[in-house]
Ligand SMILES: NC(=O)c1ccc[n+]([C@@H]2O[C@H](COP(=O)([O-])OP(=O)(O)OC[C@H]3O[C@@H](n4cnc5c(N)ncnc54)[C@H](OP(=O)(O)O)[C@@H]3O)[C@@H](O)[C@H]2O)c1
């Protein structure tokens, strides 16, 4: 594999941290840029540069200016941002649970932030080197797979993310033919995001972040570069949009 730089956005994510460790251990990886709203305590590993960003357009633009010297050399990008619950947000079970503020907050984190990054990253990713961008979606974002209902804002924001990825892929195919966009479903993974919902998950279906990161990096390494968006799960199986 040729040498490369990795960019991990939403670097406080448990899965993101596992991927960063794997990039740090990869001798072909020249450096990792880890972007987060929070400036994590840097590890001893000098390969990783931590960049604070609150995901406003101006803040994203500032990060992209810092990355400009490695333009065309970042060939692995993970956009991990996602919000399911917090102190004020619980996934909606019924129509009476719908609120504008929850819909807005969840769409902002799950659809708008990743799309702002896809927009700003285009000039940094254009070039000759095969480049994969994995955006963390979820199976519940599949419109054709929705048998259960519920989780209105999370589901719809991931479905919107999927459409934004599909639409971006059409334009990236013209303007950055070297880039493959992947909507990635990690499976239920043991992280703070899934914690409140793990009781009903069988032990062998609850993945470690390290396992999921290994699966994702292998998928990115081997995926065909066909200028179409892919919607894949942790096992490299296609999910219907
Ligand atoms: N864990 C699962 O079972 C599971 C299943 C399906 C899909 N996913 C998806 O996988 C991705 C990674 O999740 P995880 O399980 O690793 O979760 P996690 O450890 O809770 O990480 C949360 C991630 O979301 C970002 N984030 C949270 N609130 C945000 C906000 N208001 N605005 C912008 N970014 C925000 C964080 O970015 P900062 O670094 O900036 O804080 C971080 O990247 C998410 O997109 C999630 O939807 C997870």
Have a look at 111, 13, 208 and tell me which one the Gaussian network model of the chain (Cα, springs below 10 Å) gives the largest fluctuation.
208
Unit Cα scatterers, Debye sum, the stretch 137-190: log10 I(q)/I(0) for q = 0.17, 0.24, 0.26, 0.30 Å⁻¹:
-0.59, -0.91, -0.99, -1.15
From zero outward in steps of 10 Å, how is the percent of C-alpha pairs of the stretch 86-158 spread across the bins?
17, 40, 26, 13, 4, 0
Could you tell me the relative contact order of the chain? Use alpha-carbon pairs under 8 Å, at least six residues apart, and round to a whole percent.
20 percent
Linear extension gain, residue 210 paired with residue 170, 0.36 nm per residue minus alpha-carbon span
11.2 nm
Enclosed volume per residue, in Å³, of the convex hull spanned by Cα atoms of the stretch 172-214
99 Å³
Per GNM of the chain with C-alpha springs under 10 angstrom, the most fluctuating residue out of 98, 15, 79 is 98
By DSSP, what percent of the beta bridges with both residues in the chain are antiparallel, rounded to the nearest 5?
5 percent
The stretch 1-78: relative contact order as a whole-number percent, Cα under 8 Å and 6+ apart:
36 percent
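Per 0.36 nm of contour for each residue apart, how much would the distance between residue 71 and residue 103 grow if the chain were fully extended, relative to their Cα-Cα spacing?
Separation in residues times 0.36 nm, less the Cα-Cα distance, equals 8.0 nm.
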What is the distance, in nm, between label points placed 7 Å from the Cα along the Cα-to-Cβ direction at residue 39 and at residue 27?
3.4 nm
Where does each of 115, 148, 220, 225 land when they are ranked from fewest to most other beta-carbon atoms within 10 angstrom?
148, 225, 115, 220
For the chain, with a Gaussian network of springs between Cα atoms less than 10 Å apart, report the residue from 222, 81, 55 with the top mean-square fluctuation.
222
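Take the alpha-carbon positions of the chain, form their convex hull, and give its projected area averaged over all directions (one quarter of the hull surface) in nm².
Directional mean of the projected Cα hull area for the chain stands at 12.9 nm².
Tell me, 204, 25 in order of fewest to most beta-carbon neighbours within 10 Å?
204, 25
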Want the number for residue 61 to residue 195: 0.36 nm per residue separation, take away the alpha-carbon distance, what's left?
44.9 nm
I want to make sure I understand the PRE zone here: with the label point 7 angstrom from the Cα of residue 240 toward its beta carbon, which residues in the stretch 173-196 have backbone N atoms less than 20 Å away?
183-187
What's the center-to-center distance, using Cα atoms, between the stretch 103-147 and the stretch 220-240 in Å?
14 Å
When the convex hull of the C-alpha atoms of the stretch 170-241 is computed, what volume per residue in Å³ does it have?
112 Å³
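Read the figures in this text as sums done on the coordinates, not as results from a lab. Computed from a predicted model, the values in this text were never measured in an experiment. Methodologically, a virtual Cβ is constructed for each residue, glycine included, from the backbone with ideal geometry; neighbour enumeration extends over all protein chains shown.
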